[in-house]
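Enquirer: Could you have a look at this structure, given as structure tokens, before my questions?
The values are calculated or read from the model by the stated rules, or taken from the named source; none is laboratory data. Predicted model only: the values in this text are computed from it and were never measured. Ideal geometry is used to build each Cβ from the backbone, glycine not excepted, and the neighbour counts take in all protein chains shown. Ligands, DNA and RNA are stripped out before the accessible areas are found, and what is left, the full protein with its side chains, is counted by its heavy atoms. Shrake-Rupley method; radii C 1.70, N 1.55, O 1.52, S 1.80 Å.
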Amino acid sequence: MTSTTPGAERAGAAIDVRDLHKSFGDNEVLRGIDVDVPDGQVVCVIGPSGSGKSTLLRCVNLLETPTSGQIFVEGAEITDPDADVDALRSRIGMVFQQFNLFPHMTVLRNLTIAQEKVRRRSRAEAVEVARRNLAKVGLAERADAYPAHLSGGQQQRVAIARALSMDPDMMLFDEPTSALDPELVGDVLAVMKDLATEGMTMMVVTHEMGFAREVGDKLVFMDGGVIVEEGDPRAVLADPQHERTKAFLSKVL
Ligand code: ADP
Ligand code: MG
């Protein structure tokens, strides 16, 4: 699968990461990451704690500044010093393990505030978009609730609806279900699966191997700041090729 024109085979990539390095002081956390997410596909990233998964996602929307390497979003290099970082970042929705909702605002206000301030939407339009996305995550009835009155799973679905309300072209999820009680995980994964079915481009760091197997188009196993193995999720999970992948999967499966 080599190409004479570097990167030509990735022409349709929504996210294209090339030789990404990231150090914090002397700690080189990402040591040459190459990965691409084709438009409309779901790439799941697994690996032990500390392997650099969060740092990779955070570099993709420039919450961290890469030490070297390139990242392209829909063909535009976001690591270019002249890139319009705000414009590019606004096309990428991000959902974290901790939901980061504003506790003193209702669910509806949590969904409208950035639409008004960043997207410059009128209150009426922002409310309409918010209600549509709350319905999508099954929480139309909870618009007037405060986050503390929702379960963790509901809060995470609000966080997803909030990200969607900004009309992102793609979504990054960093262990979105890891902070949830087990019985609440399924509803969040169901919302993510619906999004994938609708064709949303997604990069998902997760320990949910069932989700990776069922929804992922590609599975990437990271360890020590490198991609050790990647491929079709069913193949990687059923028949991992590398010892480190085998060792990791034997602990989590
Ligand atoms: P993962 O998400 O796979 O658990 P992370 O990307 O969070 O891994 O972390 C990888 C390594 O980078 C860890 O050793 C962590 O301590 C370090 N690290 C992450 N963020 C920072 C930071 N802001 N400053 C210093 N070190 C960091
Ligand atoms: Mg992490």
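Enquirer: Taking every DSSP beta bridge with both residues inside the chain, roughly what % is antiparallel (nearest 5)?
Expert: 55 percent
Enquirer: Counting Lys and Arg as +1 and Asp and Glu as -1, each charge on the Cβ, what is the dipole of the stretch 78-211 about the Cα centre in debye, to the nearest 20?
Expert: My answer is approximately 540 debye.
Enquirer: I would also like to ask the following. Nearest 5 percent is fine: what portion of the DSSP beta bridges confined to the stretch 104-253 is antiparallel?
Expert: Numbers: 5 of 10 bridges.
About 50 percent, rounded to the nearest 5.
Enquirer: Measuring from centroid to centroid over Cα atoms, what is the spacing of the stretch 82-109 and the stretch 167-232 in Å?
Expert: Centre-to-centre (Cα) distance: 18 Å.
Enquirer: At a 1.4 Å probe radius, carbon and sulfur cover how many percent of the accessible area of the chain?
Expert: Carbon plus sulfur share of accessible area: 48 percent.
Enquirer: For the stretch 35-77, what's the radius of gyration and Dmax over Cα atoms, in angstrom?
Expert: 11.3, 31
Enquirer: Around residue 150, what is the net charge, scoring Lys/Arg as +1 and Asp/Glu as -1 over all other residues with Cβ under 15 Å from its Cβ?
Expert: In short, -1.
Enquirer: Net charge around residue 240, counting only other residues with Cβ within less than 14 Å of its Cβ (Lys, Arg = +1; Asp, Glu = -1)?
Expert: Numbers: positive: 213, 234, 244, 246, 251; negative: 223, 229, 230, 232, 239, 243.
Result for the local shell: -1.
Enquirer: Additional query: If Lys and Arg each add +1 and Asp and Glu each add -1, what is the summed charge of the other residues whose beta carbon sits under 12 Å from the beta carbon of residue 84?
Expert: Residues close to residue 84 contribute a combined charge of -2.
Enquirer: Helix 123-136 against the longest principal axis of the chain: what's the angle in degrees, Cα atoms only, rounded to the nearest 10?
Expert: Around 60 degrees separate the two axes.
Enquirer: With springs connecting C-alpha atoms under 10 Å apart, model the chain as a Gaussian network and identify which of 123, 89, 131 has the largest mean-square fluctuation.
Expert: Largest GNM mean-square fluctuation: 123.
Enquirer: Another question about this same structure. Can you tell me the order of 72-78, 26-32, 90-96 when each peptide is scored by its average per-residue count of other Cβ atoms within 10 angstrom, highest first?
Expert: 90-96, 72-78, 26-32
Enquirer: Among 193, 117, 218, determine the one that fluctuates most according to a GNM of the chain built with springs between C-alpha atoms less than 10 Å apart.
Expert: Of the options given, 117 has the highest mean-square fluctuation.
Enquirer: Quick check: the angle from helix 107-117's long axis to the longest principal axis of the chain, C-alpha only, nearest 10 degrees?
Expert: In the chain, helix 107-117 runs at an angle near 70 degrees to the longest axis.
Enquirer: Restricting everything to alpha-carbon atoms, can you work out Rg to Rh for the stretch 125-220 with a Kirkwood hydrodynamic radius?
Expert: Working: Rg = 13.2 Å, Rh = 13.8 Å.
That ratio is 0.96, to two decimals.
Enquirer: Ok, one more. Relative to the longest principal axis of the C-alpha atoms of the chain, give the angle of the C-alpha long axis of helix 152-164, reported between 0 and 90° and rounded to the nearest 10°.
Expert: So the helix axis and the longest Cα principal axis differ by about 80 degrees.
Enquirer: Moving on. At 25 °C and a viscosity of 0.890 mPa s, what translational diffusion coefficient does Stokes-Einstein give for the stretch 24-97, taking Rh as the Kirkwood radius over Cα pairs? Give it in µm²/s as a whole number.
Expert: After rounding, the answer is 182 µm²/s.
Enquirer: Rolling a 1.4 angstrom probe over the protein heavy atoms, how many square angstrom per residue are accessible across the chain?
Expert: 47 Å²
Enquirer: Something else: Once you've got the Cα coordinates, tell me which of 136/218; 22/251; 193/218; 53/246 are over 20 Å apart.
Expert: 136/218; 22/251
Enquirer: Ok, one more. Residue by residue through the stretch 230-243, what is 3J(HN,Hα) from phi via Karplus (6.51 cos²θ - 1.76 cosθ + 1.60, θ = phi - 60°)? Round to whole Hz and write x for glycine and proline.
Expert: Per-residue couplings from phi come out as 8, x, 4, x, 4, 5, 5, 6, 7, 8, x, 8, 9, 4 Hz.
Enquirer: Viscosity 0.890 mPa s, temperature 25 °C: Stokes-Einstein D of the stretch 32-146 from its Kirkwood Cα radius, in µm² per second?
Expert: The calculation lands on 147 µm²/s.
Enquirer: Summing -39500 (n - 2.57) over the DSSP H runs of n ≥ 4 in the chain and dividing by its residue number, what mean residue ellipticity at 222 nm do you reach, to the nearest 500 deg cm²/dmol?
Expert: -10500 deg cm²/dmol
Enquirer: Can you give the log10 of the normalised intensity I(q)/I(0) at q = 0.26, 0.28 Å⁻¹, computed with Debye over equal Cα scatterers of the stretch 10-53?
Expert: Log-scaled intensity ratios, in q order: -0.98, -1.03.
Enquirer: Report the residue, chosen from 122, 165, 68, that carries the largest GNM mean-square fluctuation when the chain is represented by alpha-carbon nodes joined by springs under 10 Å.
Expert: So, out of 122, 165, 68, the one fluctuating most is 122.
Enquirer: Would you mind computing Rg(Cα) / (2.2 N^0.38 Å) for the chain, counting N as its residues? List each step's numbers first, then the result.
Expert: Values: Rg = 18.3 Å, N = 253, 2.2 N^0.38 = 18.0 Å.
Expressed relative to 2.2 N^0.38 Å, the Cα Rg reads 1.02.
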